[in-house]
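Values in this text are rule-based calculations from the coordinates and carry no lab data. All figures in this text were calculated on a predicted structure; none of them were measured in a lab. Here the Cβ is made from the backbone with ideal geometry for all residues, glycine too, and neighbour counts use every protein chain on show.
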Amino acid sequence: MRYVLGVDEAGRGPLAGPVAVGVVMVAEGFDVAKEFVGVADSKKLSEKRREKIFEMLNTRIALGDARFVVEFESAETIDNEGIATAVRRALSRGVNALATDSALVHVLLDGSLKAPPEYSQETIINGDELIPLISLASIAAKVSRDRLMLDLAKKYSEYGFEKHKGYGTKAHYEALKKYGLCDIHRRSFIHLDLKPK
């Protein structure tokens, strides 16, 4: 049997937290749009809708119809090596984890993403809007990252990560001015005169 992988990332732009890469694998011919009614680019869905589709994905995993993995790279890696390298590393881990035999898969990626060269692949501009399998990967990445940020909000409660998930909102900048940087901030993304805590 041959398989198709959809790949997308979430959390490229925040000031804090990791970047996440979602990889979803289904058998060739599996109709994602039919099986996941309402699937779309994660940025165009409400949090409630993303969560519902994510639960649908977990149900399909249990049935054996799909597999997925979400790989993270930390703020520290992003600062030390750059966001592009961090995304590439997480992406490679995710694809390699699901597609152990590169001869049996075709990888569909959003935007400017690239899989390791041994894989048959296609990069599609606006793929998260056009290709349901990539949309599903974007939802897996976004929901997984948001849940992680909710957990981190308990440890770093003064920053409001549960609300903005690390993005550069007015409230987040105000917290940065008041409390400085914490361990999960991307220092290379923050252009304020701040001293680490």
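Working from Cα positions, state the angle (0 to 90°, nearest 10) between the long axis of helix 83-98 and the longest principal axis of the chain.
In the chain, helix 83-98 runs at an angle near 40 degrees to the longest axis.
I'd like the orientation of helix 170-179 relative to the chain: the angle between its Cα long axis and the longest Cα principal axis, in ° from 0 to 90, rounded to 10.
Relative to the chain, helix 170-179 is tipped by roughly 50 degrees.
What FRET efficiency comes out for LEU104 versus PHE189 if R0 is 35 angstrom and r is the Cβ-Cβ distance? Round to the nearest 0.05.
Calculated transfer efficiency: 0.35.
Can you sort HIS172, HIS191 from fewest to most other Cβ atoms within 10 Å of each residue's own Cβ? Mind dumping the intermediate values first?
Numbers: HIS172 22, HIS191 8.
Fewest-to-most Cβ neighbours within 10 Å comes out as HIS191, HIS172.
List the residues of segment 3-28 whose backbone N lies under 11 Å from a point placed 7 Å from the Cα of TYR173 along the Cα-to-Cβ direction.
Those under the cut-off are none; the list is empty.
For every helix of n ≥ 4 consecutive DSSP H residues, a contribution of -39,500 (n - 2.57) applies; sum these over the chain, divide by its total residues, and give [θ] at 222 nm rounded to the nearest 500 deg cm²/dmol. Write out the running numbers ahead of the final one.
Working: 8 runs with 86 residues, N = 197.
Estimated from H runs of four or more residues: -13000 deg cm²/dmol.
So how far apart, in nm, are the two label points at LYS34 and GLU51 if each is 7 Å from Cα heading toward Cβ?
3.0 nm
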